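Notes follow once the structure below has been shown.
Bear in mind these aren't lab numbers, they're just calculated from the coordinates by the rules spelled out. If you're wondering where the values come from, they're calculated on a predicted model, not measured in any experiment. Reconstructed Cβ throughout: ideal geometry from the backbone, glycine too, with neighbour counts over all protein chains shown.
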Amino acid sequence: MTPRTTRPASPSGAPVPTPARRRPVRRLTSRGRDEAHRVASPLELFFDLCFVVAVAQAGVQLVHSVAESHAGEGILNYAMVFFAIWWAWMNFTWFASAYDNDDVLFRIVTLVQIAGVLVLAAGVSRAFEDHEFLAVWLGYAIMRVAMSSQWLRVALSTEGAERTAALRYAGGVLVCQVGWLGLLMLPESGRTWLFLAMAVVEVCVPLYAEKDRPTSWHPHHIAERYGLFTIIVLGETIAAATVAVKSGIDENDALGELLPIAVGGLLIVFAAWWIYFVVPIHGHLRTSRQAFMWGYGHYFVFASAAAIGAGLEVAVEQAIGEAHLSTTAASAAVTLPTALFLATVWALHARHFKVGTAQQSVLPVTALLVICCTFLGEWAVPAAGLVTALAVAAGTTLTAHTSAREYRAAGKDAEAREGAKAGKDAKAGKGAKAGKDAEAGKGAAAGTSLEAPESREG
């Protein structure tokens, strides 16, 4: 099978509509991994915004569970629901990076997936409160069946190893939906084990499907998509915390109690944004193995980022006396997801670009210090915010120091190279001069020897 040429792209990231591509339904074939100017499309941004609705619902229910002293059960339900949201989002993101042709059918199927996540979002409250997962399962099934249909389109449009991979994806996705039916049939005690088993099966589908031929995802596009979703989730975190603080002030006139939480929470979110985007990551996504590890690890990045907002809401409710838990437990609702975010971003991003022990230690040490802030009572959240802000300052300072040192070292190397070059040139010049002098001497000697017989004859 001959490789496809790179498609031209519009500023939106979608293929430019040439006459052959103006048809409403076109073949769904792979895009080039080296395609220039590839960016997220408006449809992808719309997709992200709708998915964050489900993320927000999961966060709201997590707040209720933790505030009512049902933290263990709430965290488990949150992990299960968030997995469904994240996995459907992730599968679409990587598929669109490789195969988005922006035709009518692709758009319609994507909108069906959006409808599915909204159905899932509508069922989140019942899943938490009544352990009723019918709406969650139905919404997830809608998204996944739609995703399977996209892979079947790829199979119809391609051949060879690419077609085999598409069929594996389509079949694997559909088989998993049958397994998820157990959430509706098993007793509550067995659902956790079913979730763990099915989650493992789900994440193994891409590994199996792409074992012979990886899809042609675009590294820069993937990094941008993940970054945009991180921004949206952090924005939702700020929005949720802002609403909670506003309600506390309006209903309880508790500005003095809530101001430290608001300031600390804002510092945490600002630091989270800074730390995530401090270095571009697309250059690290060179192999399928690196991409899988990086993509899968973002389950913890997204889940912890959303949980930070939920934790701030819990801290607000505890401060105004509406939460049935201790100050330490309310503080842990903020510090633990913050520490998880820092540790995961270090593992996925920072450690690949940090130089030396000092730089490598900043985020792990910060995560430990944030956990220690849990026991500072009502000052736990502002202390955690201050620690994360200091981590940003320390990381920036160390990076600047390292850059300056490398710049000086590069300057010294350049001077040394110039000096060596000048020395070589000088030696070459001396050698050339010596050669010329030698030739001149030989010429003079030869002239003298010729003139001598003439003088004797005279």
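Taking the Cα atoms of the stretch 53-139, the ratio Rg/Rh between the radius of gyration and the Kirkwood radius comes to 1.08. Rounded, prolate or oblate: which fits the stretch 144-287, taking a ≥ b ≥ c as square roots of the Cα gyration tensor eigenvalues, rounded meaning a/c under 1.5, else prolate when a/b beats b/c? Verdict is oblate for the stretch 144-287. Backbone geometry of the stretch 66-81 corresponds, through the Karplus equation with coefficients 6.51, -1.76 and 1.60 at θ = phi - 60°, to 3J(HN,Hα) couplings of 5, 5, 9, 6, 10, 5, x, 5, x, 5, 5, 5, 4, 4, 5, 5 Hz, x marking Gly and Pro. Ordering of 225-231, 383-389, 280-286, 44-50 by packing is 383-389, 225-231, 44-50, 280-286, highest average first (other Cβ atoms within 10 Å, averaged per residue). Residue separation of residue 404 and residue 29 scaled by 0.36 nm, minus their Cα-Cα distance, works out to 130.3 nm of gained length. Can you classify the stretch 229-292 as rounded, prolate or oblate using the Cα gyration tensor, where a ≥ b ≥ c are the square roots of its eigenvalues, rounded means a/c under 1.5, and otherwise it's prolate if a/b beats b/c and oblate if not? Judged from the Cα gyration tensor, the stretch 229-292 comes out prolate (a/c at least 1.5, a/b above b/c). The phi torsions of the stretch 162-178, fed into the Karplus equation with coefficients 6.51, -1.76 and 1.60 and a -60° offset, translate into couplings of 5, 5, 4, 4, 5, 5, 5, 4, 4, x, x, 4, 5, 4, 4, 5, 5 Hz, rounded to whole numbers, with Gly and Pro shown as x. Here the residues 143, 90, ranked from fewest to most Cβ neighbours within 10 Å of their Cβ, fall in the order 90, 143.
When each of the peptides 185-191, 150-156 is scored by the mean number of other C-beta atoms lying within 10 Å of its residues, the order from highest to lowest reads 150-156, 185-191.
Expressed in whole Å with the largest first, what are the equivalent ellipsoid semi-axes of the stretch 220-424 derived from the C-alpha gyration tensor as the square root of 5 times each eigenvalue? The answer is 40, 19, 14 Å, longest axis first.
With a ≥ b ≥ c the root eigenvalues of the C-alpha gyration tensor of the stretch 194-253, is it rounded (a/c under 1.5), prolate (a/b larger than b/c) or oblate? Judged from the Cα gyration tensor, the stretch 194-253 comes out oblate (a/c at least 1.5, b/c at or above a/b).
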